[in-house]
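See below for the structure under consideration.
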Amino acid sequence: MQLAVATLKKLRGGVCVVRDGRVLAQVALPTAGLISDRRARWVAKETTQLKKAWLEMACTLPYMGFNLIPLSVIPEIRITDKGLVTVPGMEIVPLFEKA
């Protein structure tokens, strides 16, 4: 996990697949963590490699669906850097209930 976070920090946002202490694939998305500043052919090549690594890791979540989870503007609840947030109320929801 530390390698994944360090990789995303270095990329200034994006997506990466890490296994056994090695980055298998990465796509830099430095504009709001959503958009690349590189030419489409490079992003397409990196995304193809990432999807391949994603499948090799037996991830069953759709790649694009996974990328949309953190978008706090898409209803109804989203994961953000602040925690779980309801949309459109924009209220932070606790991860755990107090006993």
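Values quoted throughout were computed directly from the atomic coordinates according to the rules given, and no laboratory measurement underlies them. What you see is a predicted model; the values in this text were computed from it and never measured. Counting neighbours? That spans all protein chains shown, and the Cβs are built from the backbone with ideal geometry, glycine included.
Here are the numbers for this structure:
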quantity: Aspartates and glutamates with Cα under 20 Å of Lys10, excluding same-chain neighbours fewer than 8 positions away; calculated: Asp20, Asp37, Glu46, Asp81
quantity: Contact order normalised by residue count of the chain, Cα under 8 Å, 6+ apart, percent; calculated: 14 percent
quantity: Overall form of the chain per C-alpha gyration tensor (a/c, 1.5; a/b vs b/c); calculated: prolate
quantity: Highest-MSF residue in the chain out of Gly89, Gly14, Gly33 [GNM, Cα springs under 10 Å]; calculated: Gly89
quantity: Nearest-0.05 FRET efficiency for Val43 and Asp81, computed from C-beta distance (R0 25 Å); calculated: 0.55
quantity: Straight-distance crosslink candidates among aspartates and glutamates, where the alpha carbon sits under 15 Å from Lys82 and sequence neighbours closer than 8 are dropped; calculated: Glu91
quantity: Selected from Val27, Val18, Val85 as most flexible by GNM, with the chain as the system and alpha-carbon contacts under 10 Å; calculated: Val85
